[in-house]
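Visitor: Could you have a look at this structure, given as structure tokens, before my questions?
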Amino acid sequence: MTAALLCAASSQAMAQNLEQSREGNRLEAVPLSEEPRRSLFKMPELPDDRFVVFSADQSSIDPSNGEIIARGNVILEHGGYRLEAGQLRYNDESGVAQAEGGVKITTPEGMILKASSVNLSGELRAGVIINARLILADGARVAANRGERFENGNSELRDAVYSPCPVCDDRPQKPPLWQIKALKVVHDKDEQRLYYESARFEFLGIPLFWTPYLSHPDPTVERDSGLLVPQIRSRQELGFVAELPYHIVLSESRDLTITPIIATEEPPVLALGYRQHLGKGYFQFDGSVSHGDQPSEALTGIPDNGFRGHIFSEGRFVHGKNWQSTYHAQIASDDTFLRLYDFSDVDTLQSDYRIEGFFNRTYISGELVGFNGLRLEDDNGLTAQALPWIDVNYVSKPGVLGGTVEARFNSIQLVRFDGADTARATTSVQWQAPVITPMGQKIVFDVFARTDLYDVREAQTIDDPFFAGENGSEVRSVARASATISWPFSSHLGGVSQRIEPIIQLVAIPESGLSTAIPNEDSRTIELNSKTLFALNRAPGFDIWEGGSRATYGLKYGLDMHDIGLDAVIGQSYRVNDLTEFLPQGTGLGSKRSDVVGALDIRVQNWIDISYQFQLDRKTLDPQRQEVISSLGNDVFYVNLSYLRIDRDLEIAERTNREEIRFDATLQATKSCRSLVD
């Protein structure tokens, strides 16, 4: 093998010897200082990877066999491989290299091998390694007393330890989270697998089980068939539970996971998961099946001794340049099965199909949505299903009378199997234009008009009579004109930034749009808070229209000071007329003068984040609603603590008075997986 040498030699004689021994590969000396340090030779352009490049503090050549002896910070590079050692003997004729003293080899794939000594041959691709420490490309570690690497790329290790965990530099003596020890480990490069003989699995240094044979994919494999990590847990209703997932790769675009679930107190369950990518879309399926006693028939109405299970599926598909569709399907045999086996903790199953079109400045969507409640009080015959739900939205380019125009059509058909049916069609046009005055005030003008057409059947047979309408057809036309004026001030002094922004919003709305014939299907959670304070329509849906001209006024404040940040807002509304029939007192909007609402957010570095929201009675300033959400800690340990108190006598489902505390905490037990194979 022809080789070019980059070595440390300070004499002109050494340069001449190298020049004579490497015909056709001339090395040119670069002038250096007179200090007896590493000499440097400039390498000509190398045409391929046949060359070996050396550097070292000291080097010499044995004239009898041409063997190169290098000492001190030795570096050898060839074909993408890099070898570092304290001492190296290299024979150019045989291609054999013997290295010792803190040996480190880096492969073209990014793997790092550390050893006390190595003997390499076959262009550095094969050899025997003593006290090997191998760091794979993904950070996994392998340690062995003795290893051998063959020219075909395969390796064999004796008395080996494997762990996927990265090393912890501050305490490398700690055992990793889990590791596998074996008498022999063989790495088959072509099959991309690791094979173990007499393997022992350890968790936190504690042996859990032994097997005479074990294999798994090496870290270069992204997907492969085989057992996944088992899960073992206990639960009062189930006893001890073991999940044993097995993953099957069917093709590059399809895979299947089969998971038997065995519990000591309940019948076993077979769970399946299937995924497939279709090029222009994907879908996945998750399901399970079991056979045994259902929950009490008195509670669920489902007979005992039957099949139980669930089906969850979702997908997304692209249909040409402008269209895409998505779907979700959720089905369960009974109300408790999902929570019992920890498949899901949802209390309402939702199945839907949506198709969407994107055309420059126009958006079109059509959706079918079905719900199935899992709570004891749910009556699915009175649960509304959206069949269908259509939305068309167009936004003009800026410049229409200084602003933009948005036109929208929205239609929905709500169907109940045992109750009221509601059909609604809505068309609306909105013009909005922002203006910045010479003095810095920001004014946003808005003009809006909408027409709604309703048709209601069996109006009183609804899930909550409080929101019922009247049978028949109803047409409603509404309009609104508004101006929102804000004047922000800011200062920056000594690393402290402050922002003060007074805001006033004037809204003119004709006395129309208020009708008891229209049911409330989509605006049941209307309330005034810091986020909806300056919203032009504070109802979340279409059914409730907040009529009556009003003025809203408030103040925003912001502070940034080194590692401390603060944002605050407070405000109130004043309406010309009372709307207690449509906006009850507890919402904060029922009277002419609304309750006072606000929020305060405080951030300290990256370890404290506190948010406080409040609603105060408009007369007494007594708290009607208070909520504190706080997060304390860092990546190692953090706590989420929240407190909610509602005391406003709002007799609406799920909005009654209550007080609650929520708490959760997370602790990272180890900074990283501990490793024995530094």
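Visitor: Tell me which residues, restricted to the range 520-541, are of a type in the set (Gly, Ala, Ser) and under 17 Å from residue 428 (Cβ atoms). Spell out the reasoning first.
Guide: Start the filter on the range 520-541 by keeping residues that are of a type in the set (Gly, Ala, Ser), which leaves 523, 530, 535, 539, 541.
Matches in the range 520-541: 523, 535, 539, 541.
Visitor: For the range 465-474, does any single residue satisfy the condition of being closer than 30 Å to residue 564 by Cα, of a type in the set (D, E, K, R) and part of a strand (DSSP E or B)? Give the steps one after another, and end with the answer.
Guide: To start, the set of residues in the range 465-474 that are closer than 30 Å to residue 564 by Cα comprises none.
Looking through the range 465-474, none of the residues is closer than 30 Å to residue 564 by Cα, of a type in the set (D, E, K, R) and part of a strand (DSSP E or B).
Visitor: Is one or more of the residues making up the range 415-435 outside any loop (DSSP other than H, G, I, E, B), acidic (Asp, Glu), touching a Ser or Thr at 6+ places or on another chain (Cβ under 8 Å) and in contact (Cβ under 8 Å) with a residue 12 or more places away in the chain?
Guide: Within the range 415-435, the first condition is being outside any loop (DSSP other than H, G, I, E, B), and the residues that meet it are 415, 421-435.
Pick out the ones that are also acidic (Asp, Glu) and you get 421.
Filter once more, so that each one left must be touching a Ser or Thr at 6+ places or on another chain (Cβ under 8 Å): none.
Looking through the range 415-435, none of the residues is outside any loop (DSSP other than H, G, I, E, B), acidic (Asp, Glu), touching a Ser or Thr at 6+ places or on another chain (Cβ under 8 Å) and in contact (Cβ under 8 Å) with a residue 12 or more places away in the chain.
Visitor: If you don't mind, there's one more thing I want to ask. Answer yes or no as to whether residue 401 is in the same structural domain as residue 458 (by TED's automatic domain parsing), at pLDDT below 95 and over 27 Å from the mean Cα position of the chain (by Cα).
Guide: Numbers: in the same structural domain as residue 458 (by TED's automatic domain parsing): yes; at pLDDT below 95: yes; over 27 Å from the mean Cα position of the chain (by Cα): yes.
In short, yes.
Visitor: For residue 190, state whether it is out of contact with any helix residue (DSSP H, G or I) (no Cβ under 9 Å at 6 or more places or on another chain), part of a loop (DSSP other than H, G, I, E, B), surrounded by fewer than 20 Cβ atoms within 10 Å (Cβ to Cβ) and at pLDDT 80 or above. Outline the logic, then answer.
Guide: Values: out of contact with any helix residue (DSSP H, G or I) (no Cβ under 9 Å at 6 or more places or on another chain): yes; part of a loop (DSSP other than H, G, I, E, B): yes; surrounded by fewer than 20 Cβ atoms within 10 Å (Cβ to Cβ): yes; at pLDDT 80 or above: yes.
Yes.
Visitor: I'd like to check something: does the range 616-627 contain any residue that is in a strand (DSSP E or B) and under 27 Å from the mean Cα position of the chain (by Cα)?
Guide: Residues of the range 616-627 in a strand (DSSP E or B): 616, 623-627.
Of the ones still in play, those that are also under 27 Å from the mean Cα position of the chain (by Cα) are 627.
Scanning the range 616-627 turns up at least one residue that is in a strand (DSSP E or B) and under 27 Å from the mean Cα position of the chain (by Cα).
Rundown of residues vs (1) part of a strand (DSSP E or B); (2) in contact (Cβ under 8 Å) with a residue 12 or more places away in the chain; (3) in contact with a Phe, Trp or Tyr (Cβ under 8 Å, 6 or more places away or on another chain), yes/no style:
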site	(1), (2), (3)
538	no, yes, no
557	yes, yes, no
568	yes, yes, yes
571	yes, yes, yes
591	no, yes, no
598	yes, yes, yes
603	yes, yes, no
610	yes, yes, no
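Visitor: Among the residues of the range 410-452, write down those that are within 22 Å of residue 362 (Cβ to Cβ) and not polar (S, T, N, Q). Break it down stepwise before answering.
Guide: First, the residues of the range 410-452 that are within 22 Å of residue 362 (Cβ to Cβ): 410-412, 424-433, 446-452.
Scanning the range 410-452 gives 412, 424, 425, 429, 431, 433, 446, 447, 448, 449, 450, 452.
Visitor: While we're here: Out of 552, 461, 525, 451, which single residue is out of contact with any His (no Cβ under 9 Å at 6 or more places or on another chain), crowded, with 17+ Cβ neighbours inside 10 Å and in contact (Cβ under 8 Å) with a residue 24 or more places away in the chain? Before the answer, list the steps.
Guide: Working: 461 fails: crowded, with 17+ Cβ neighbours inside 10 Å; 525 fails: crowded, with 17+ Cβ neighbours inside 10 Å; 451 fails: crowded, with 17+ Cβ neighbours inside 10 Å.
Sole residue among the options that is out of contact with any His (no Cβ under 9 Å at 6 or more places or on another chain), crowded, with 17+ Cβ neighbours inside 10 Å and in contact (Cβ under 8 Å) with a residue 24 or more places away in the chain: 552.
Visitor: If you go through the range 372-387, how many residues are assigned to a helix (DSSP H, G or I) and either among the β-branched types (Val, Ile, Thr) or farther than 18 Å from residue 338 by Cα (or both)?
Guide: At the first step, the residues of the range 372-387 found to be assigned to a helix (DSSP H, G or I) are 380-382.
Okay, now just the ones that are also either among the β-branched types (Val, Ile, Thr) or farther than 18 Å from residue 338 by Cα (or both), so 381-382.
Residues in the range 372-387 being assigned to a helix (DSSP H, G or I) and either among the β-branched types (Val, Ile, Thr) or farther than 18 Å from residue 338 by Cα (or both): 2 in total.
Every residue, every condition in (1) at pLDDT 80 or above; (2) within 55 Å of the chain's Cα centre (by Cα), yes or no:
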| residue | (1), (2) |
| --- | --- |
| 22 | no, no |
| 26 | no, no |
| 30 | no, yes |
| 42 | no, yes |
| 48 | no, yes |
| 59 | yes, yes |
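The values are calculated or read from the model by the stated rules, or taken from the named source; none is laboratory data. Remember, it's a predicted structure, so these values are computed and weren't measured experimentally. We place every Cβ from the backbone using ideal geometry, glycine too, and count neighbours over all the protein chains shown.
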